[in-house]
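*Asks:* Mind looking over this structure? Questions follow.
Only the coordinates and a few stated rules stand behind these numbers; no lab work does. Predicted model only: the values in this text are computed from it and were never measured. Heads up, the Cβs are rebuilt from the backbone with ideal geometry, glycines too, and the neighbour counts pull from every protein chain shown.
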Amino acid sequence: MANVIVTGADGSETAASAARTAAETAQAFGASLHVVSAYGPGERRTLADGVEKVIINLVEDAERTVSQTADDLRNEFPDLTITTTVAHGNPADVLVDEAEKLEARLIVVGNKRVQGPARILGSIARSVTVNASCDVYVANTRVS
């Protein structure tokens, strides 16, 4: 296994918190960090709002998100090697696939949007822990 830690970025504060935890862990263990952002079904969506038409490029949005996350982490952890990628698919599947490609030692996910009976693990965290071929760390990203 490579000395790589994988984490995700979706632009939310909880994902940013998990990414910070991943960066702290990578730095502590002398690993590199790989940040991935997934984008959904299709490259473009057209939304109509009255007479205004908005085109959203999901690939560019994912690239912007992962780039901003990596830049923020590089500012906070200047000695850490950080790489990025974007991929089409379900976020949990993308995290697992990237970790397998890189032969990562660890995937760090957050416990985002955990409520009700599923409060132990969020859906992404649950799916990653079930399907990952490496260790998974679920970071507490709830804010008080």
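*Asks:* Starting from 0.36 nm per residue, how many nanometres of slack lie between residue 29 and residue 71 once their C-alpha separation is accounted for?
*Replies:* Between residue 29 and residue 71, full extension yields an extra 13.1 nm.
*Asks:* How much length is gained on full extension from residue 13 to residue 103, taking 0.36 nm per residue of separation minus their Cα-Cα distance?
*Replies:* 29.7 nm
*Asks:* So how far apart, in nm, are the two label points at residue 3 and residue 83 if each is 7 Å from Cα heading toward Cβ?
*Replies:* My value for the distance between the label points is 1.5 nm.
*Asks:* Grab the beta carbon distance between residue 63 and residue 131, set R0 = 25 Å, and tell me the FRET efficiency rounded to 0.05. Walk me through the intermediate numbers first.
*Replies:* Numbers: r = 25 Å, r/R0 = 1.00.
That gives a FRET efficiency of 0.50.
*Asks:* Rank the residues 82, 124 as a footprinting-exposure proxy: fewest other Cβ atoms within 10 Å of their Cβ go first.
*Replies:* Lowest to highest Cβ neighbour count: 82, 124.
*Asks:* Starting from the amide H of residue 83, placed 1.01 Å from N in the peptide plane, find each other amide H under 5 Å away whose residue is 5 or more places distant or on another chain.
*Replies:* It is 33, 34, 35, by chain and number.
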